[in-house]
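The values are calculated or read from the model by the stated rules, or taken from the named source; none is laboratory data. A quick note: this is a predicted structure, and the numbers were derived from the prediction, not measured. Only protein heavy atoms, including side chains, enter the accessible area calculation; ligands, DNA and RNA are left aside. Shrake-Rupley method; radii C 1.70, N 1.55, O 1.52, S 1.80 Å.
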Amino acid sequence: MRKNGKKGFLPGEYIIAALLAAVIIFGVWFAMRADEGKRKSVDGTYSCEYPINGSDDKSIVVYYKFDADKGTYDELWGERSLMTGSYTVDKDVVTLVSDGREDIGAESETAVFSVKDNLLIPQNYMYEGSLPADDVFDAECTMVDSAGQEYVVSFSKDGSYTYTIKGKTEADDSVVKGFYEREGDILHRTNADGSPLSDFYVFNGKLAGIFYTKEQ
């Protein structure tokens with residue numbers, strides 16, 4: 001009687017195969033957990049307060065309210081809903097795609113924010129130019145918005161700064177002068193008369209003109 005030519009695994013080979021399978025499964029699980037650790041969670045409400053004419057009593061608060069389960073957001077100015085849309089999160093970047101609104105002639109647009117701790121920082125409000133880690137410094141930062149409008153912020157070591165909205169000529173420039181005080185990465189601003197203005201933020205050594213803080 002002829003024996004079957006097929007060769008079976010020896011007991012030791014079964015153990016080795018099982019160990020290899022376990023290593024592969026653990027490697028895949030670990031990689032997935034590591035990737036999850038890199039991804040940021042964006043949910044709840046983020047806000048930024050803008051003083052009106054440098055007044056403590058009058059201001060408008062802009063909110064972004066995120067629903068992580070639905071992947072949607074609502075942008076509000078005060079209590080009025082300005083725009084709704086969807087969003088996605090990729091590690092430390094969140095991308096918003098608005099639905100658009102026919103009643104105000106607003107088409108669908110995409111906005112990209114950087115995520116840092118409990119902050120959202122719109123990338124289209126990042127200035128060119130580097131800021132040192134010192135409390136006071138000499139530096140100049142510039143930004144050009146999507147409409148081609150140029151903005152220049154000049155900081156001085158004496159704690160003063162100048163904010164310029166560039167016009168067609170120097171005579172057309174709109175200039176605001178005031179003071180700044182650094183607290184960590186936040187630059188608190190006031191007008192020359194001491195009335196408050198919205199804060200700036202230093203993000204990776206660059207000036208962020210706007211940032212939103214998550215509400216508790």
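Express in nm, to one decimal, how much length is gained between Lys168 and Asp43 on full extension, taking 0.36 nm for each residue of separation and deducting their alpha carbon distance.
Stretched fully, the Lys168-Asp43 segment lengthens by 40.8 nm.
Excluding ligands, DNA and RNA, what is the solvent-accessible area per residue of the range 92-178 at a probe of 1.4 Å, expressed in Å²?
Value returned for the range 92-178: 60 Å² of accessible area per residue.
If ligands, DNA and RNA are left out, what is the accessible area of Thr213 with a 1.4 Å probe, given in Å² to the nearest 10?
Counting only protein heavy atoms, the figure is 50 Å².
How much of the calculated P(r) for the range 111-216 lies past 20 Å, in percent of all Cα pairs?
Result for the distance tail: 39 percent.
Please calculate the 1.4 Å probe accessible area of Tyr127, with all protein chains present, and give it to the nearest 10 Å².
10 Å²
Would you calculate the convex hull of the Cα atoms in the range 43-97 and tell me its volume per residue in Å³?
97 Å³
Not counting ligands, DNA or RNA, and with a 1.4 Å probe, what is Phe200's accessible surface area in Å² rounded to the nearest 10?
We get 10 Å² for Phe200.
Show me, bin by bin at 10 Å from 0, the whole-percent P(r) of the range 57-163 based on Cα pairs.
Bins of 10 Å from zero give 12, 32, 34, 19, 4 percent of pairs.
Where the accessible area of the range 101-185 is counted over protein heavy atoms with a 1.4 Å probe, how much of it, in %, is carbon and sulfur?
43 percent
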